[in-house]
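Student: Quick one: structure below, then a few questions.
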Amino acid sequence: MIEIVLTTFNARYTHTAIGLRYLFANLKELQPRAKILEFVINSAVSDAVESILAQNPKIVGIGAYIWNALEVHELITILKKVAPHITIVLGGPEASYLPHRVDFSKADFIIQGEGDVAFYELCEQILKGNLPHERLIKAPMVDMNEIILPYAYYSDQDIKHRYCYVEASRGCPFTCEFCLSSIDKKVRDIHIERFLGELELLWQRGVRNFKFIDRTFNLSIGNANQLLDFFLSKKEPYFVHFEVVPDHFPKELKERIIQFAPASLQLEVGIQTLDPIIAKNIHRRLNIPKIEENLAFLQNETKAHLHVDLIIGLPGESIEGFGANLDMLYSLTQCEIQIGILKKLSGTTLSRHDELFGMVYSDKPPYDILKNDLISFEQMQKMKRFARFWDLVYNSGNFKKSAPLLWSEGSVYQGFYAFSEWIYSQTESTWQISLERLSELIFRYLTFVLSYEEKSIKAILIEDIMGERGRKLPSFLRDEYTPKESKEITSKLNKRQLKHSKEEIHDKN
């Protein structure tokens, strides 16, 4: 009999919920009476309710996140209407911090904090008929070396078709005000020998795509070195993703990173801003000389695929300041530059800036900024479109040689901003733009607006688009195309990363 259903809505089918698996792993004697059911945010919530009710559970535990808060609200609402006898237990980051800006009032219990142990204890009481008096349950931080790790509960189907998330530590020592991880200022490592044993079991089961969710992979260099050694000892193709601190790459770490093959290692480097004053405003540590040194090393001496992050809308930072950051960052590295919009999450201390800087945010997930005293609502709308088009054109890797022509004669920011304004005037949308249409728009802009010679731009676009085997050439380019051998991207693990292979990057100079 299934009495406990653990569920959530993942952002995509390829994602898995590591949080649900932690809860399941630590249910002790209740585990045989529990089941994990995962859904996707673009599926019908009523269908999810139907699947849950088919198990006839007494308890439904739901993971609430910024990307699924509205779906979770609807799930709770329908469950309480059609099956009011079910006890609903809510947890996850979106439920853990007040104020709740999505209505979760119909949930019977809310676990705030790490529910790995608290969920078991609550279910034990509920099933015995001993309902707690308090609806909000404040769960303490767990001992990462006492709880059961969740990796045995990735199914064979997960391993074959989905990402398997892992973590070697929890917490972050930094105090960046926009980030929930800054609340837990103590980094808690899992004993490295224990964790490596879990990784080996996943490897033996066929996992080749590892996404680490640790906030500070390279904080403990001893552990980081052992993790890198684990993967360097493997011969088969694999893909591993780490989030790294940009100013902490000692010699022994660099020596290991250099050894990774192209597209096997991805590093997410949180920059957010390169302005020391803005960084100080939000309590973010910023060591510009070290960042420049380490980005140069990663760019020029390794085959690692890099993501670096910039945020639009930080307190006190103007559009011109953001533009200067983008220009500077592009001069340091030609990797993917992820442009994010500032979000105010409950639990963070960003609200202390609201009055001073006129910060106004949406009340709906993902709670992104609408305007501030330096950036009007209209300008913020333009920057959100800028970020979307940047991802489609630059970060996608589909236009590696043609994209830099958009800013070849000056500022990256100014050049791409002008293109962003123009392309939106043509599309009036940032979504559902096919590769063929996007290619034609780039061609029109480069030739009609920037006055590049048509034949040369067609040749560059053909090289960009046909670099991946199996693509259909846009009709407007077919007259110029002479088929030749293309570079085949064969790996299913890391196609986007292979597109950004450093040997392929266009010389921006």
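Student: How many of the residues making up region 429-455 are part of a helix (DSSP H, G or I), of a type in the set (D, E, K, R) and more than 17 Å from Phe416 (Cα to Cα)? Before you say what the answer is, go through the steps one by one.
Tutor: From region 429-455, those part of a helix (DSSP H, G or I) are 435-449, 454-455; that's our starting set.
Filter once more, keeping what is of a type in the set (D, E, K, R): 436-437, 440, 444, 454-455.
Then keep just the ones that are more than 17 Å from Phe416 (Cα to Cα); that gives 436-437, 454-455.
The qualifying residues number 4.
Student: Taking Cys176 and the conditions (1) buried (at least 17 other Cβ atoms within 10 Å of the Cβ); (2) in contact with a helix residue (DSSP H, G or I) (Cβ under 9 Å, 6 or more places away or on another chain); (3) assigned to a helix (DSSP H, G or I), which numbered condition does it fall short on, given that it satisfies the others?
Tutor: (3)
Student: Hey, another quick one. Any residue at all in region 280-295 that's outside any helix (DSSP H, G or I), in contact with a strand residue (DSSP E or B) (Cβ under 8 Å, 6 or more places away or on another chain) and not aliphatic (A, V, I, L, M)?
Tutor: Yes: one or more hits.
Student: Sticking with this one: Mind checking which helices (runs of 4 or more DSSP H) fall wholly inside region 91-161 and carry at least 2 residues that are surrounded by fewer than 15 Cβ atoms within 10 Å (Cβ to Cβ)? Even if it seems obvious, please write down each step before you answer.
Tutor: Numbers: elements: 93-96, 115-127, 156-161.
Hits in region 91-161: 115-127, 156-161.
Student: How many residues, within region 37-47, are farther than 17 Å from Tyr65 by Cα and either under 23 Å from the mean Cα position of the chain (by Cα) or not polar (S, T, N, Q) (or both)?
Tutor: Taking region 37-47 as the starting set, the residues that turn out to be farther than 17 Å from Tyr65 by Cα are 44, 46-47.
Then keep just the ones that are either under 23 Å from the mean Cα position of the chain (by Cα) or not polar (S, T, N, Q) (or both); that gives 44, 47.
Total meeting the criteria: 2.
Student: Restricting to strands (runs of 3 or more DSSP E) lying wholly in region 191-279: which have 2 or more residues that are buried (at least 21 other Cβ atoms within 10 Å of the Cβ) and free of Cβ contacts under 8 Å to residues at least 60 places away in the same chain?
Tutor: Details: elements: 209-212, 239-244, 265-272.
Answer list for region 191-279: 239-244, 265-272.
Student: Just name the residue that is surrounded by the fewest Cβ atoms within 10 Å (Cβ to Cβ) out of those in region 2-33 that are free of Cβ contacts under 8 Å to residues at least 40 places away in the same chain and either in contact with a helix residue (DSSP H, G or I) (Cβ under 6 Å, 6 or more places away or on another chain) or more than 18 Å from Ile88 (Cα to Cα) (or both).
Tutor: The selected residue is Glu29.
Student: Which count do you get for residues in region 68-107 that are of a type in the set (Phe, Trp, Tyr) and at pLDDT 95 or above? Reasoning before the result, please.
Tutor: If we filter region 68-107 for residues that are of a type in the set (Phe, Trp, Tyr), which is where we start, we get 97, 104.
Still in the list and also at pLDDT 95 or above: 104.
Within region 68-107, residues that are of a type in the set (Phe, Trp, Tyr) and at pLDDT 95 or above number 1.
Student: Now for a different question. Suppose we filter region 52-67 for residues that are within 16 Å of Asp363 (Cα to Cα) and touching a Leu at 6+ places or on another chain (Cβ under 9 Å); how many remain?
Tutor: Taking region 52-67 as the starting set, the residues that turn out to be within 16 Å of Asp363 (Cα to Cα) are 65-67.
Of the ones still in play, those that are also touching a Leu at 6+ places or on another chain (Cβ under 9 Å) are 66.
Adding up the residues that qualify gives 1.
Student: Any residue that is among the charged types (D, E, K, R), in contact with a helix residue (DSSP H, G or I) (Cβ under 6 Å, 6 or more places away or on another chain) and within 30 Å of Lys344 (Cα to Cα) - is there at least one of those in region 236-255?
Tutor: There is at least one residue in region 236-255 that is among the charged types (D, E, K, R), in contact with a helix residue (DSSP H, G or I) (Cβ under 6 Å, 6 or more places away or on another chain) and within 30 Å of Lys344 (Cα to Cα).
Student: Next up: Is it fair to say Gly113 is under 26 Å from the mean Cα position of the chain (by Cα) and at positive phi? Please lay out each step first, then the result.
Tutor: Values: under 26 Å from the mean Cα position of the chain (by Cα): yes; at positive phi: yes.
The answer is yes for Gly113.
Student: For Gly397, state whether it is free of Cβ contacts under 8 Å to residues at least 12 places away in the same chain and of a type outside the set (Lys, Arg).
Tutor: no
Student: List the number of the failed condition for Gln381; all other conditions in (1) more than 30 Å from His353 (Cβ to Cβ); (2) surrounded by fewer than 17 Cβ atoms within 10 Å (Cβ to Cβ) hold.
Tutor: Condition not satisfied by Gln381: (1).
Student: Ok, one more. I'd like to verify a number: residues in region 131-168 that are in contact with a Gly (Cβ under 9 Å, 6 or more places away or on another chain) and more than 26 Å from Val207 (Cβ to Cβ), how many?
Tutor: Result for region 131-168: 5.
This table checks each residue for (1) farther than 28 Å from Ile147 by Cα; (2) not basic (Lys, Arg).
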residue	(1), (2)
Thr7	no, yes
Arg33	no, no
Ile41	yes, yes
Lys58	no, no
Tyr65	no, yes
Lys81	yes, no
Thr87	no, yes
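Student: If a residue must be touching a residue at least 40 places away in the same chain (Cβ under 8 Å) and not in a helix (DSSP H, G or I), how many such residues does region 38-68 contain? Steps first, please.
Tutor: If we filter region 38-68 for residues that are touching a residue at least 40 places away in the same chain (Cβ under 8 Å), which is where we start, we get 48, 52, 55-68.
After this cut, where a residue has to be not in a helix (DSSP H, G or I) as well, the list is 55-68.
Qualifying residue count, region 38-68: 14.
Student: Right, another one. When you go through (1) surrounded by fewer than 15 Cβ atoms within 10 Å (Cβ to Cβ); (2) more than 20 Å from Asp391 (Cα to Cα); (3) at pLDDT below 65 one by one for Asp507, which number turns out not to apply?
Tutor: Among (1) surrounded by fewer than 15 Cβ atoms within 10 Å (Cβ to Cβ); (2) more than 20 Å from Asp391 (Cα to Cα); (3) at pLDDT below 65, the lone unmet condition for Asp507 is (2).
The values are calculated or read from the model by the stated rules, or taken from the named source; none is laboratory data. Because the structure is a prediction, the values reported are computed rather than measured. Note that each Cβ is placed from the backbone with ideal geometry, even for glycine, and that neighbours are counted across all protein chains shown.
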